[in-house]
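What follows is calculated from the coordinates using simple rules that are stated; it is not laboratory data. From a predicted model like this one, the values you see are computed outputs, not experimental measurements. Don't worry about glycine lacking a Cβ; one is built from the backbone with ideal geometry, like all the others, and counts go over all protein chains shown.
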Amino acid sequence: MRNISTAKLLIIIFISNIMESILAPYLIGFYINLPLAFLVFSLAIYNSNYNSNPLFAFLSGFYLDLISSSPFGINAGLFTMMSYVVNSYANTFKLFSYIQICVFFSMSSIFYIGFKNLFISLENFSYLVLFFSFIFNTFLFLLIAMIRYYFPSKAIKYD
């Protein structure tokens, strides 16, 4: 996902939003929430060779707000904050190991889930969902990192 065009990123966010809506009813039975669209955007920002514009992050989040029927501004604000954090610490991430990066992205996904649940459904806010989602997301990211490291032929090739 290095230097991906804006149109391709928006299409990928659209597809990941559909996949997220398909997987959500099955995962919520296990108290797991997987924010695929947020993670796809975070991965695109993390893997890009240039610092993204905050307006780009805001408009991408606003686009997700439109297609996911969530209140306007939640995803836009969270995407902008994630873009700021990743762009601010881009050189620091080069010093981190895969485990530290996986924990960072799983913690950011937990922040996203918690913040979104505070605004959308305060009466259904659950620390159990946050805890199990953190464990699931961490192991999922570690599995993806191990596949890229141990099986380079199965990994996505960059230009």
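For trypsin sites (Lys or Arg not before Pro), the sites in segment 67-156 that DSSP calls loop and that have at most 13 other Cβ atoms within 10 Å are 94, 154. Other residues whose C-beta falls under 15 angstrom from the C-beta of residue 133 contribute a net charge of 0, scoring Lys and Arg +1 and Asp and Glu -1.
The share of Cα pairs per 5 Å bin across segment 1-78, counted from zero up to the longest distance, runs 3, 15, 25, 25, 17, 9, 4, 1 percent.
P(r) tail, the chain: Cα-Cα pairs separated by more than 21 Å, 46% of all pairs.
Helices in the chain that qualify as membrane-span-like (whole DSSP H runs, Cα extent of at least 30 Å along the helix axis, mean Kyte-Doolittle hydropathy of 1.6 or higher) are 127-150. Think of it as helices only: each DSSP H run of n ≥ 4 in the chain is worth -39500 (n - 2.57), and spread over all residues that comes to -24000 deg cm²/dmol at 222 nm.
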